Amino acid sequence: MTIEENPRLKQMVLEVVNNQFKANNPPVTRKTLQRLTKNMMRRQPKK
């Protein structure tokens, strides 16, 4: 079963990441989110 197939699991994972982000603990959480967001922006087709 994948995270997409289990809405409760997905919500729990997102909550954990959100809590880590808010607490900046571990600090790598914020850096990772920034890196992933930057990479996603590069991959989006220009309109």
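Quick note: the coordinates plus some simple rules give every number you see, no bench work behind them. Quantities reported herein were computed from a predicted structural model and do not represent experimental measurements. Cβ placement follows ideal geometry from the backbone for every residue including glycine, while neighbour counts extend to all protein chains displayed.
Lys/Arg Cβ at +1, Asp/Glu Cβ at -1, dipole of the chain taken about the Cα centre: which of LEU14, MET1, THR37 is farthest positive-ward?
The listed residue farthest towards the positive side: THR37.
Within 14 Å, Cβ to Cβ, of VAL13, how many net charges do the neighbouring residues add up to if Lys/Arg are +1 and Asp/Glu are -1?
Neighbourhood net charge equals -1.
Please get the size of the charge dipole for the chain, origin at its Cα centre, with Cβ charges of +1 on Lys and Arg and -1 on Asp and Glu, quoted in debye to the nearest 20.
480
Would you kindly derive the ³J(HN,Hα) couplings of segment 24-35 from the backbone phi angles with the Karplus curve 6.51 cos²θ - 1.76 cosθ + 1.60 (θ = phi - 60°), listing them in order in whole Hz, with x for Gly and Pro?
6, 9, x, x, 5, 4, 5, 4, 5, 4, 4, 5
Ignoring everything except DSSP H segments at least 4 long, calculate the 222 nm mean residue ellipticity for the chain; use -39,500 (n - 2.57) per segment, divide by total residues, nearest 500.
-23500 deg cm²/dmol
Rounded to the nearest 0.05, what FRET efficiency do LEU14 and LYS38 give with R0 = 22 Å and r taken as the Cβ-Cβ distance? Could you check?
It comes out at approximately 0.65.
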